[in-house]
Structure formats: structure tokens, C-alpha cells
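Presented below is the structure to which this report refers.
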Amino acid sequence: MSKSIRVLIVDDSPTVRTMLAKSISNAPDIKVVGEAADPYQARDVIAGQRPDVIVLDIEMPRMDGLTFLKKLQTHYPVPVIMCSGVANASSHAALRAIEAGAVDFVAKPSGGGKEALMRLGNDLAFKIRAAAVAVNVKTVKPSTTPPVKRTCLSAGVDPSRYLVAIGSSTGGTEALRELLQNVPSDFPPVAIVQHMPPGFTKSFAERLNDYSEMTVSEAVDGDVLEPGRAFVARGGVQMSVVRSGGRLCLKTGTDELVNRHCPAADVLFESVAELVGKKAVGVILTGMGADGAEGLLKMRQHGAITIGQSEASCVVYGMPKVAAEIGAVQHVTTPGNVAHVAISALRKKFAAKVAAG
């Protein structure tokens, strides 16, 4: 029998601690070994129990979760999942925690009774399993060579002819930041699925926008896919690509789970494969599970250029690994080098088409 993942829950609310512990009580491979009302109590539990994963509240009275997270990175670098409300300030704090080294975050349910508790349990258990195998984001190997930022214009690539679709999960918030920091302003339109709870994707898109030459925003139904624009799928809603009035647009759909995710990368990738075909680029980044692998394979089968994140640069080498194993990945690189690889591949494809007459 495999060893259980030992979890410590740190939250100043006894109700929330009980809720979180109860939500994962049915997971046979996860064991709550301690609860603490604040980081000072947590310090004693850590010394005695040596947990594998810590679920940490962001807002606490004696020491906030972000401050404690930074102390943990120095003294006990264990994988941490932040537990956050969905208010705007909390969502921004959760994203700052990811930048500071947290593996992921989970949203506290604001209601919904037993059904919400069950959803939380499934989501939290999945994130705990991912955290248990995650590489510390601060130790992920950087690219051996600095990314080369190349414009589409200088490469002779018309960005209005192409579309880039990206799927990512655990570790993806930082991978996407690195990717979008290194795209030129004339890059083809980008559609992004990042596994993230409802209420967080708007803040996430705003944060990415601060780092990128592209204009990054949360996707809205009917958004037109234009060069220099990147769109992040809204949490809790599936997103696909459709054609309307001769233009490519985004369509937001149902809230049903696909591969246990909403939004799901496979939903986006499959729509791009069918509608855009060989004029698309598919990118699969770090994450637990297999979402996006089959969709990326369909994109490749329809003539698209496909890129997978390298194992050494992944926080969790799951989604890109599955995609590579089924033959969906053509090129392997770091997030910061994705734009260079994509533009080079598009230029090569265009040159081959011209040569063929």
C-alpha cells in the first residue's frame, strides 16, 4: 500500500478547518495529520508531524498567510496550497502567493451545502496530489539560453493568419507569465485555458497584462481574436473558438466538467483543431493529469504546430508528458522560448508553402 500524503491545515476559522478536513476525508491516499489556528501553532505541528503538504489560509490575524509562506520557503520548503476567498483583494493575494512559491490555491465555498463541500473535496484532493509531486517553483531550472524575442514582422509572418491556443494547470500561472513576457506585440491572437476557480481569472489576466506587450484580458463571449490580444478563459465556464461574420471569435459555453476541469484545455484545443487546423499553434504547459493531451493530438493531426513544455522547466510534468507520450508534441521548449519556437515554425511552414508553389 502506498504511503498517504500527510496534510496540515492552517486557518484561523475552526469551521473552515473542519470543512477542509471533512472535504478530503474520503480520499484514501490523503491524511490530515494536524490543524492549526495560526502560523505560530502551525510551527509546532510542523515540528512534530512533518507534513508533506500544507493548506494555508491567506488572511489570518496574528500573521498573514503570505508572510508565513515566505518563512516556510526558507525554513521548511514544503509544497503549499493557499486557501482564499473570491473577493478581489483575496484573489490578488492568492496570485502573489503563487509568485512567492505556493504551488496552487483553492477557493473557499461561500455556500452550497454538501454539494459544494463535495466539489471542494474533489478539487482540493486533486491539488494536494499535484502539490505532493510538484517541483518547488523556486528550483525549476531556467532556460540554458535567454529567450530570443523576435517579432512576426521581422520573420515575415502575418499574425492575422494564425491562432495560438494554450492549456496549463498546476504551475501554469508562472509559466504563462514567463511565456507572455517574451512574446512580441505583433504576436498572433492567443486563447488560454488555465485551470483556475471562478472569481480569480479576471485578476490573473490583469496581472499577466502588466507583464506582457500583448493586451491580456479575461475572455468574454464574442471576443474577436486579433493579433496582439490574449484572452484567459473565465473560471467555471468552458471556452471554444467559433467563426462569426468571417472572423474567429471566442464562445463561452456550459459549466460542465471535462477531464474534471472547467474550463478544460481539451474543449479549446478540439474547437481549434476543427476550425483553424494548420493555421494554429497549440501549446501545453505544466500541470497534473491529462487534460489537453488528446486535444493537442487532434490539433497536430489537423496540421497545427504543437509545442510542449520541457520536463526540466515544469512544476508538474504531467499534462505535457501525456501529450508527448501519445505523439501530440512536435517541439519541446521552456515557456520563455515558446514565442520564438512558434514564430520560427510558422516562418518555416510559410517558406515551405511558397517553395511548393
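The values are calculated or read from the model by the stated rules, or taken from the named source; none is laboratory data. Nothing here was measured: the structure is a model prediction, and the numbers come from that model. So basically every Cβ, Gly included, is an ideal-geometry build from the backbone, and we count neighbours across all protein chains shown.
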| task | Look at the stretch 272-305 and say how many of its residues are assigned to a loop (DSSP other than H, G, I, E, B) and under 21 Å from residue 175 (Cα atoms). | result | 7
| note | Looking across the stretch 229-250 at residues that are over 22 Å from residue 172 (Cβ atoms) and in contact (Cβ under 8 Å) with a residue 24 or more places away in the chain, the single one that is farthest from the chain's Cα centre (by Cα) is 243
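Conditions (1) buried (at least 22 other Cβ atoms within 10 Å of the Cβ); (2) in the same structural domain as residue 201 (by TED's automatic domain parsing); (3) over 19 Å from the mean Cα position of the chain (by Cα), marked per residue:
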| residue | (1), (2), (3) |
| --- | --- |
| 257 | no, yes, no |
| 263 | yes, yes, no |
| 286 | yes, yes, no |
| 292 | yes, yes, no |
| 295 | yes, yes, no |
| 303 | no, yes, yes |
| 308 | yes, yes, no |
| 316 | yes, yes, no |
| 331 | no, yes, yes |
| request: Return the residue satisfying two criteria in turn: it lies in the stretch 192-237 and is among the small types (Gly, Ala, Ser), in contact with a helix residue (DSSP H, G or I) (Cβ under 6 Å, 6 or more places away or on another chain) and within 21 Å of residue 160 (Cβ to Cβ), and of such residues it is surrounded by the most Cβ atoms within 10 Å (Cβ to Cβ). | output: 212
| Evaluation of residue 77 against (1) surrounded by fewer than 17 Cβ atoms within 10 Å (Cβ to Cβ); (2) at pLDDT 95 or above (one fails), failing number | (2)
| query | If you take the residues in the stretch 32-59 that are touching a Pro at 6+ places or on another chain (Cβ under 8 Å) and under 24 Å from residue 170 (Cβ atoms), which one is surrounded by the fewest Cβ atoms within 10 Å (Cβ to Cβ)? | reply | 33
| request: Kindly indicate whether residue 106 is assigned to a strand (DSSP E or B) and either surrounded by 17 or more Cβ atoms within 10 Å (Cβ to Cβ) or out of contact with any helix residue (DSSP H, G or I) (no Cβ under 8 Å at 6 or more places or on another chain) (or both). | output: yes
| query | Checking residue 82 against (1) in contact (Cβ under 8 Å) with a residue 40 or more places away in the chain; (2) closer than 25 Å to residue 41 by Cβ; (3) crowded, with 19+ Cβ neighbours inside 10 Å, which test does it fail? | reply | (1)
